[in-house]
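Okay, structure first, notes after.
The values are calculated or read from the model by the stated rules, or taken from the named source; none is laboratory data. Everything numeric here is computed off the predicted structure, so don't read it as measured data. Cβ coordinates were reconstructed from backbone atoms using ideal geometry, including for glycine residues, and neighbour counts include every protein chain displayed. With ligands, DNA and RNA removed, areas are computed over all heavy atoms of the protein, side chains included. Shrake-Rupley method; radii C 1.70, N 1.55, O 1.52, S 1.80 Å.
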Amino acid sequence: FGEFIRDFLLRLNGDRLKAPTLFEMTERSGRLAACLNYLVYRGNFPHKVRIPGLLAALPGVPLSETVEGPSVLYLGDFVGTPMPHGHTLREKGGMLHRFGMDDASTGAMLRDLFAEGTLPEFTVAYFADNDYRSHEVGPHAALDVIERVDRMLGEAFEAGGGIDRVLEKMCVVITSDHGHCDVLADPRRAVIRLDEVLANYRHADLGRAWKGRDQIMICPNMRAAQVYVRHPTPELVERVARDLLGDTRVDQVFFKTALSSESAGYTALSGRGRLQFAQAAGGGRHAADAFGGAWTWSGDAQVLDLQVERGEIEFGQYPNAFERIAGVLELEQSGELWVTAKPGCEFEVPGGKAHVAGASHGALHALDSYSPVIIAGGGTRRMLPPDMRSVDLAPLCMDLLGLRMRYGVGDPRQHVGRPAAHR
């Protein structure tokens with residue numbers, strides 16, 4: 001548990017986070033920022049961490065730490081910024097409220113900021129309960145959680161003088177970070193045991209370093225998984241991909257393919273065939289996606305439900321597939337292979353537990369991918385683009401504050417492919 005506390009408080013926002021956060025960019029411009037229970041919180045100001053008594057009594061838990069966050073930082077019972085009047089916001093803490101990291105706590109703190117009239121120019125309030133509940137019972141049965149959040153927002157707006165007054169002075173953006181796909185109730189149909197699917201290979205122990213004869217390491221993330229190959233060759237990666245597709249509940253397998261000594265492309269395999277693609281560099285079929293990214297491809301378009309309409313690539317069940325696949329495979333610490341599960345199914349390995357009869361996410365499918373975006377207020381009528389990605393939310397928020405980012409809303413994300421053998 002001590003390791004978890006250090007990962008949560010320090011390493012996630014310290015060692016592992018490379019890009020500047022919106023909190024940092026906002027406050028470097030001279031504005032104020034606030035974070036209420038959002039786990040990506042790195043900022044420019046030190047905050048003392050208080051470890052709740054029940055947790056502090058556990059072996060290995062640090063008794064005191066300092067984290068860097070925005071001017072106003074609240075992380076449940078762990079971090080609370082004193083307000084100008086000398087006291088902290090009222091949150092609902094303790095074990096019954098996940099040590100202040102649940103919706104009731106976030107809603108109470110947001111209401112207090114509105115009531116005090118001290119809401120910073122950029123404020124993120126994170127409501128996590130819908131994700132927990134949807135995993136347990138599915139997204140439709142969890143709608144009561146959304147209704148509770150709606151009431152909390154109403155209370156916060158009323159504390160700020162009513163929604164009309166609030167929207168005259170500020171812009172409100174409401175969104176989520178992913179969708180939820182129902183998982184079948186029968187574990188024999190729902191659960192894909194990757195250790196059994198790849199039983200012909202020697203597996204590394206989860207969470208531990210490679211040992212002498214290990215061949216692969218499986219890193220599951222609900223409806224997607226990475227497979228690391230210790231000594232990858234094109235032939236071995238292809239063989240692992242084919243073995244993964246031996247389970248008919250596997251939807252797709254992705255891996256990098258060397259196009260030449262200077263560049264790399266990407267391969268997507270499924271029961272529907274084989275599709276190879278790369279960022280356009282001349283030759284082959286060539287078209288742009290909805291965000292202006294140019295691609296060439298060959299093979300079976302049905303692997304990614306791809307078609308071209310009026311010169312633009314359209315993806316049916318797998319939104320923005322080319323950009324997303326290239327993005328994950330070009331990550332510095334990506335596995336050699338990524339694998340996704342068909343709707344209704346989820347990956348599992350020993351030590352983990354699938355969300356049988358609940359819901360899950362993480363795959364490329366539309367059910368996992370789509371999430372709502374609601375925007376209102378700010379004194380102007382702002383139109384959202386017809387096609388939008390999660391990565392567009394950051395430049396949208398910064399644009400509302402008059403700040404520029406490296407990428408604008410709707411800009412293509414470029415991925416410089418390297419040969420698989422040279423990674």
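Roughly how many debye, to the nearest 20, is the charge dipole of the range 204-349 about its Cα centre, given +1 on each Lys and Arg Cβ, -1 on each Asp and Glu Cβ, and no other charges?
340 debye
Calculated from the structure, Kirkwood radius over Cα pairs in Å equals which of [x] 27.3; [y] 22.2; [z] 23.7?
[z]
Quick one: net charge of ARG413's neighbours, Cβ under 14 Å, K/R +1, D/E -1?
Neighbourhood net charge equals -3.
What residue among MET383, ILE5, LEU304 has its Cα farthest toward the positive end of the dipole of the chain, where the charges are +1 on Lys, Arg and -1 on Asp, Glu, each on the Cβ?
Working it through, the farthest residue towards the positive pole turns out to be ILE5.
Mean-square fluctuation check for the chain, GNM, Cα pairs under 10 Å: which of CYS345, CYS397, CYS181 is largest?
Sorting by GNM fluctuation, first place goes to CYS397.
For VAL137 and ARG165 in one chain, what is 0.36 nm times their gap in residues minus the Cα-Cα distance, to one decimal in nm?
6.3 nm
For the range 299-314, in order, what is each residue's ³J(HN,Hα) by Karplus, 6.51 cos²θ - 1.76 cosθ + 1.60 with θ = phi - 60°, in whole Hz (x at glycine and Pro)?
x, 8, 5, 5, 4, 10, 6, 9, 8, 10, 10, 6, x, 10, 6, 10
To the nearest 20 debye, what is the magnitude of the charge dipole of the chain about its Cα centre, counting +1 on the Cβ of each Lys and Arg and -1 on the Cβ of each Asp and Glu?
So the magnitude is around 840 debye.
Cross-link candidates for LYS18: which lysines have Cα within less than 23 Å, leaving aside residues fewer than 8 places away along the same chain?
LYS48
Would you please give the FRET efficiency between ASP144 and ALA199, computed as 1/(1 + (r/R0)^6) with r the Cβ-Cβ distance and R0 = 45 Å, to the nearest 0.05?
FRET efficiency, ASP144 to ALA199: 0.60.
Sequence gap at least 6, Cα distance under 8 Å: using those rules, report the relative contact order of the chain to the nearest whole percent.
Relative CO of the chain lands at 16 percent.
Taking the alpha-carbon centroid of each part, what is the distance from the range 113-172 to the range 264-318 in angstrom?
Measuring centre to centre over Cα atoms gives 39 Å.
For the range 278-352, state which GluC sites (Glu not before Pro) are in a DSSP loop and have at most 12 other beta carbons lying within 10 Å of their beta carbon.
Sites meeting the loop and neighbour criteria: GLU332.
Taking H as built 1.01 Å from N, whose amide H comes closer than 5 Å to the amide H of THR257, not counting residues under 5 places away?
It is GLY265, TYR266, THR267, by chain and number.
Under the definition of Cα pairs under 8 Å and six or more residues apart, what whole-number percent is the relative contact order of the range 337-402?
Across the range 337-402, relative contact order equals 17 percent.
Comparing ALA185, ALA209, ALA366, which has the greatest mean-square fluctuation in the GNM of the chain with Cα pairs linked when under 10 Å apart?
ALA209
Give the long-range amide H neighbours of ASN221: residues separated by 5 or more places, or on another chain, with amide H under 5 Å away, using H modelled in the peptide plane at 1.01 Å from N.
For ASN221, the qualifying residues are GLN226.
Work out the FRET efficiency for ARG406 and VAL308 from their Cβ-Cβ distance, taking R0 = 22 Å, and round it to the nearest 0.05.
0.15
Tell me, in nm to one decimal, what length is gained between GLU332 and PHE8 on full extension, where the rule is 0.36 nm per residue of separation less the Cα-Cα distance?
114.5 nm
Running a GNM on the chain with Cα contacts under 10 Å, which residue among SER390, SER71, SER29 ends up with the highest mean-square fluctuation?
Comparing SER390, SER71, SER29 in a Gaussian network model of the chain, the most mobile one is SER29.
How large is the accessible surface per residue of the range 168-263, computed with a 1.4 Å probe and reported in Å² as a whole number?
Here the per-residue accessible area is 55 Å².
Where both residues lie in the chain, what percent of DSSP beta bridges are antiparallel, nearest 5?
Roughly 80 percent of the DSSP beta bridges within the chain come out antiparallel.
Select from GLY154, HIS415, VAL137 the residue farthest towards the positive end of the dipole of the chain; place +1 on Cβ of Lys and Arg, -1 on Cβ of Asp and Glu, and compute about the Cα centre.
HIS415
Could you look at the chain and say what percent of its accessible area is carbon and sulfur, using a 1.4 Å probe and all protein chains?
Roughly 53 percent of what the probe reaches on the chain is carbon or sulfur.
Each residue of the range 174-190 in turn: what ³J(HN,Hα) in whole Hz from Karplus with 6.51, -1.76, 1.60 and θ = phi - 60°, glycine and Pro shown as x?
Whole-Hz 3J(HN,Hα) from phi for the range 174-190: 10, 7, 10, 9, 5, x, 9, 10, 4, 10, 4, 7, 8, x, 5, 9, 8.
Between the DSSP loop rule and a limit of at most 12 other Cβ atoms within 10 Å, which trypsin sites (Lys or Arg not before Pro) in the range 357-411 are left?
Within the range 357-411, the qualifying trypsin sites (Lys or Arg not before Pro) (loop, at most 12 other Cβ atoms within 10 Å) are ARG381, ARG404, ARG406.
Which one of GLY273, LEU393, TYR370 is farthest out on the positive end of the charge dipole of the chain, using unit charges on Cβ (Lys, Arg +1; Asp, Glu -1) and the Cα centre as origin?
GLY273
What is the set of long-range amide H partners of ARG274 at a cut-off below 5 Å, with H atoms built 1.01 Å from backbone N?
ASP300
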